[in-house]
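Remarks on the structure that follows.
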Amino acid sequence: MAGDDLVVDHLSVVFRSRTGTHAAVRDASFRVGAGRMVGLVGESGSGKTATGLALLGLHDPATTTIGGGARFGDTDLLHLSPAAADRLRGSLVGMIFQDPMTALNPLLTIGTQVTETIRVHEGLDRRSARDKAIDVLARVGMPDPAGRYRRYPHELSGGLRQRAMIAAAIACRPRLLVADEPTTALDLTIQAQILRLLRTLCDDEGMSVLLITHDLGAVGAVCDDVVTMYAGEVVEIGPTARVLDRPSHPYTSRLMAARPRVDGWGEQLDVIPGRVPSPSASPEGCLFRPRCREAREECAGPQELVALGPDRSVRCVRASDPRDSVVVAGAGVR
Amino acid sequence: MSTAPPVTAAPVPLQPQRDGAARPPGRRAAAARTLALRAGAFLATLVLATFVAFWLIKLVPGDPATAIAGENATPERLAEIRAQLGLDKPLLAQYGSWAAGVVHGDFGTSLYSGQSVAGLLAQRLPVTLSLVFCSLLLAVVVGVAAGIVGAVRNKRPEGRVVTGAATLGIAVPNFWLGLVLVTVFAIWNPWFPATGFSRAGDGAGEFLRFAVLPTLALGAAGVAEVARQLRGALLEVFTADYIRMARAKGISGTALLVRHALRNAGVPVVTVLGLLINRLVGGTVVVEVVFAIPGMGTLVVDAVKQRDYPVIQAVVLVMAVIVLVANAIVEILYRRIDPRIRLS
Amino acid sequence: MTLYRTTASAVVRRALLGLLGVALLVTAACGAPAQGGGTTATTLTVAVSNNPSSLDPQAGPSGTDHVSLYPIYATLVEFDPKTLVATPGLAESWSFTDPTTLRLKLRPGLKFSDGSPLDANAVKASLERYQTQTNKADLSNVAGVEAPDPTTVVIKEKTPDTSLVLVLADRAGMIVGPTAANADFAQKPVGAGPYTLVSYSPGDRLVLKRNPNYYGTPPPMENLEMRIITDPKAAANALLSGQIDFADALDANDIPQLRNSGKLTVESPVGLYFDMIYFNLAQKPLDDVRVRQAINLALDRDDIIQGTVNGQGEPARQPLPTSHWAYDKANDSVWPHDVAKAKQLMAEAGYAGGVTLTTVATASPLEIRRNEIIRSQLAEIGIDYKVQSMDTNQGVSLYFEKQGTNAAQYGWSGRPDPGQTYNRLFAQNSYQNPGKVAIPGLDQVLAQAVATEDTAQRAAAYAQADKLIADFAPYAPLYFRGDVTAYSTAVTGYTASLLGKPKVAFLNKSSGA
């Protein structure tokens, strides 16, 4: 299957409300290569989810302004008619969410929720849709798929619910799957299974995956590339191994330090001091500066995303300064 | 006292049962036991409702004997009538003999007119039931349509109209609305009859013509209540994750609204319907008087005036049964809608 | 996040269409203009303000049944509705052959509506059955009934009482047919009235048609429909919308609206019914005639009529209204509104410092309004008038039987013969006299008044009784209440009855309406 790339180009997402506007995403550019799995990382409020929802056109146009571009192959994802957007969602682009307990409709069987994707996009009759849905459930590793087909979400465990949601999202083999914190609500062993499942789908079916997470460990485990976002801006992009090995942005390093280590339960987590600035109160220059240990005078000036190589870029003044080689303890998570 | 005491049976608390995959082997036996318990509770509620009604009416120390003895009553005649009716016996004994009669299908005879109470019920019940049914139908059909418009067109003119009308509709008392409707649509514009009723069996056209105004008077608050609840529930459901998930799958339009949003918003609306039936049954008392409709409402109003115990008791019993059955239906509906609710 | 307008627009369109559909259905339902079921040229439709307790005149206890009974049953004696003077009915003539024997001559060839003969034996059977039924007290003075020939009925009394004649114009004189013995007689009544029952749905309506066997002039209308409408407002609405042609017992507050419609005749004829304060003559302070007189002088009757029934009434100073044959004009000057005199009497009685009077009344808006007016009028002479408002049955039993209050504020519905009224209200052993106090000389005068048939003699006796009563002041009559009645301008032939129970059988409705 010849793959298409997702190209996000100067994307911005601005929420309007009575009290004013709120730029959740500003000027975000990155690429998800065909068949690749890219981790989109950052704390809550960094704009990851807003980016993911924008790719599927799930923001409410009445309250949201979307700027810039996002293309998947030849398809302009941001400028579609409502009907065309409905056709693409679930067939070209799919999305799964954090909590399968709330993201699955509690009143419908697993089967119905998988089948409806198939029926709306492929127009199959009830019987064939059912057979296909059971195949899909099997593909996502659902044990006893025919039996689980008739079960309701509350009758399944958390892990199986997440598999069911993935099945509903990928039933029509979308070329891109946006996975928004798909493992956060699960316990550790299940998390690993779900991540492996996503990786398998990526490898076996050539599906591109944008994995939205705050967990760099997860990214390290399965992602080819990583995109770090902070306060609505992309601050670092690069291949996972190299970024985790040698983060170029102090924020990426601090995220890595803050992640819980498998061998470190009970240790005090190295929490990043301070909070993500509220967009309306964003300081001039580097947004991370107030929380950055290595902040210096130049950080007060405007920051650009600078290419460090063909597949690596960073938004930090020190990145282009050879004197600074950021060394982070515990880097290299693989 | 102009209305029967409120008889409400709140649905037994329903517990969502986790992990229904593991079903106990004695499930059928357990279900049978639950059913028996329910039936017991049903009967107990009926006994309680009728006894409380009995006791309340007796608390007001009026006396049917004075009504029966008529214009030329003498104390001797009153005592004679009381003894004849067993009114000189203790309360429990009076209730006991009434209940024993009912168990054998004997509702007694009206103290006032001497007619069989069962006969009176047979004449009046269909009238009231058809009125309640029409009002309920109106509340569901118009209420659901208006609720959808109110939610989907929230903050747009249509939505605002629905919200405003619903707020108004809940606040307007049914007798007042009834009088306004009669004035406008029967007196100023002679489109509908001002009073009376035509049985459904005597022709649908006549039935409709007579039923329209009382149905509107009785059902308007229900329409408003259903619309308001559904709008609120839908607005909440619209923000739910599963709606976003469904949209992410490419589900839109009718399928999204009906299969995902309406079904989930249906649970609180069904609750409202249960309460609504109780209110409609009670409301017939007022509306039937305003429209001079020969139903259970006017029957019980007259019976209370005349201290006609057997009639009052029978009406209370029938109304309690209607309310209990309605609530049982509501519970079945709950179960049909929400698989998380199981017999507990 | 809200659903986009676009995504759900199809459903919204459908919902809006649904709303429109309901509106259309409603409009379609009114396609045929509302012609009340009975408003055709041959049918007169009237409202009956009470659900009849029974269509068997001997069984039902309620004084409001008559409206429904009159069209079905002919009475032995009729009466002039304006004066209540007895006139021929089924009996074309009658006389007391001795003070305790009433001999009635029936019209020849009378028939019940079912065709069976209505002869002296049928009358005897009807009267004898009456003596076993609910209302037997009406004939408690009857010792026996005989039928010497097919058109002669002889009634023997225990004691002389000429009021029996008008008793036979009431329930007791409604002769029931031979099927009265059947258990379903109240559902399928047979009488000899101008109409006969076609169908009866209790609480809803009586449908009647002309009785071909009626002895007198046939009623002008072929069909009579009597709709039971207990709520006065509903009755007014039914009149205004043209569903019915006649209603009484309407609310005085609706008079302007009824008048302004321009298609109704509205009147408030005064009947025998009057409101009064009953006194327990054995209890303090009402055991003192000065207090009773003071109360009657302190009451401003015109003020009460204005304040409670919108002026639709006539002040009461004796138990009969002005139009009655036994009305005595001399009483007009009794009990003028005179607070000074009343205060003086209170002081003489030793109550200068004030006194409490307990009473019961029915809890209705009208009664509560009236209580307030009376309370303030009596307060002027130092009487603290304490009213307990309660259910009528309860209050009647509290005052008349348990003697739990000094007074009671109720009405008196009147009787065809004044003898019944005077006896019930003032005789020493009457139910309505709970103190069982005798008014000096009254019982003898009342006995004289019923010992003769001569109206002038009787009227003179009642005038004498009125004098005794005015001196003794055993009650405080307030006013005769007008019965607010309205009927279509197409209806003619209505004469209000002093009894307050409308007779509608001979109303005519011109077909132009």
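Nothing in this text is a laboratory measurement; each read-out follows from the coordinates by a stated rule. Computed from a predicted structure; not experimentally measured. Every residue, glycine among them, receives a Cβ derived from its backbone with ideal geometry; neighbour counts consider all protein chains shown.
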Is the C-alpha gyration tensor of the range C:74-178 telling us rounded, prolate or oblate? Criteria: a/c under 1.5 is rounded; beyond that, a/b larger than b/c is prolate, otherwise oblate.
rounded
Note down the net charge around A:A192, summing +1 for each Lys or Arg and -1 for each Asp or Glu among other residues with Cβ under 13 Å from its Cβ.
0
Separation in nanometres of the label points that stand 7 Å from Cα toward Cβ, at B:L48 and C:Q306:
5.6 nm
How much mean residue ellipticity at 222 nm does chain C get from its helices, if each DSSP H run of length 4 or more adds -39500 (n - 2.57) and you divide by all residues, to the nearest 500 deg cm²/dmol?
-8000 deg cm²/dmol
Would you work out which of C:Q318, B:A79, C:G271 lies farthest towards the positive end of the dipole of the protein assembly as shown, given +1 charges on the beta-carbon of Lys and Arg and -1 on that of Asp and Glu, about the Cα centre?
B:A79
Residues C:Y431, C:Y422 in order from fewest to most other beta-carbon atoms within 10 Å are C:Y431, C:Y422
C:D338/C:A137 FRET efficiency (R0 30 Å; Cβ-Cβ; nearest 0.05):
0.15
For chain B, what is the calculated [θ] at 222 nm in deg cm²/dmol (nearest 500), taking -39500 (n - 2.57) for each run of four or more DSSP H residues and dividing by its residue count?
-23000 deg cm²/dmol
Aspartates and glutamates near A:K48 by alpha-carbon distance under 18 Å, same-chain residues fewer than 8 away left out - which ones?
A:D9, A:D27, A:D60, A:D99, A:D180, A:E181, A:D215, A:D224, A:D225, A:E233, A:E236, B:D241
Counted neighbours (other Cβ, 10 Å), sorted fewest up, put C:T455, C:T162 in the order C:T455, C:T162
Relative contact order computed over chain B (Cα-Cα under 8 Å; 6+ residues apart), in percent
30 percent
Relative contact order of chain A (C-alpha contacts under 8 Å, at least 6 apart) in percent is 20 percent
Using the 10 angstrom Cβ neighbour count as an exposure proxy, how do C:K156, C:K329 rank, fewest first?
C:K329, C:K156
Could you pull out which residues in the range C:417-436 have an amide N less than 20 Å from a spot 7 Å beyond the Cα of C:T455, following the Cα-Cβ vector?
C:417-422
Gain in span if fully extended, C:S323 to C:T489, counting 0.36 nm per residue against the direct Cα distance:
57.2 nm
What value, in deg cm²/dmol to 500, does the helix sum -39500 (n - 2.57) over DSSP H runs of n ≥ 4 give at 222 nm once divided by the residues of chain A?
-9000 deg cm²/dmol
One finds the C-alpha centres of the range B:287-344 and the range A:91-156 to be spaced, in Å, by 43 Å
Alpha-carbon spread of the range A:1-144, three principal axes, descending order, Å
49, 38, 31
Lys/Arg Cβ at +1, Asp/Glu Cβ at -1, dipole of chain A taken about the Cα centre: which of A:I118, A:S44, A:G94 is farthest positive-ward?
A:I118
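With charges only on Cβ, +1 for K and R and -1 for D and E, what is the dipole size of the range C:74-178 about its Cα centre, in debye, rounded to 20?
The calculation lands at about 100 debye.
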Quotient of Cα radius of gyration and Kirkwood radius for chain C, i.e. Rg/Rh, equals 1.05
Dipole magnitude of chain C, debye to nearest 20 (Cβ charges: Lys/Arg +1, Asp/Glu -1, about Cα centre)
1280 debye
If we count every other residue with Cβ under 11 angstrom of C:S95's Cβ, Lys/Arg +1 and Asp/Glu -1, where does the sum land?
0
Across peptide C:394-400, how many C-beta atoms of other chains are within 10 Å of each residue C-beta, on average?
4
For B:K305, the lysines lying under 30 Å Cα to Cα, once residues fewer than eight places off in the same chain are dropped, come out as B:K58, B:K89, C:K136, C:K188, C:K233, C:K386, C:K402, C:K436, C:K501, C:K503
Taking r as the C-beta separation of B:A83 and A:D144 and R0 as 56 Å, the FRET efficiency to the nearest 0.05 is 0.15
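Would you mind giving the mean number of other chain beta-carbons within 10 Å of the Cβ of each residue in B:134-146, as a whole number?
Mean number of neighbouring Cβ atoms from other chains: 2.
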Scan around C:L357 for amide H atoms under 5 Å from its own, H built in the peptide plane at 1.01 Å from N, and keep only partners 5 or more places away or cross-chain.
C:D384, C:Y385, C:K386
Run a plain Debye calculation on the protein assembly as shown (Cα atoms as equal point scatterers, no solvent) and give log10 I(q)/I(0) at q = 0.04 Å⁻¹, rounded to two decimals, same order as the q list.
-0.39
Output the lone cysteines of chain A: those with no second cysteine's C-beta under 4.7 Å from their C-beta.
A:C172, A:C202, A:C223, A:C292, A:C316
Within 10 Å of each Cβ in peptide A:92-105, how many partner chain Cβ atoms are there on average? Round it to a whole number, please.
4
Using Cα pairs closer than 8 Å and at least 6 residues apart in sequence, work out the relative contact order for the range A:115-246, in percent.
17 percent
Pop the C-beta distance of B:V184 and C:E146 into the FRET formula with R0 = 56 Å and round what comes out to the nearest 0.05.
0.35
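Going by average Cβ neighbours within 10 Å, how do the peptides B:169-175, C:86-92 rank, with the highest at the top?
Order by mean packing, descending: C:86-92, B:169-175.
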At what distance in nm do the modelled label points of C:D80 and C:S511 sit from each other, each positioned 7 Å from its Cα along Cα→Cβ?
3.5 nm
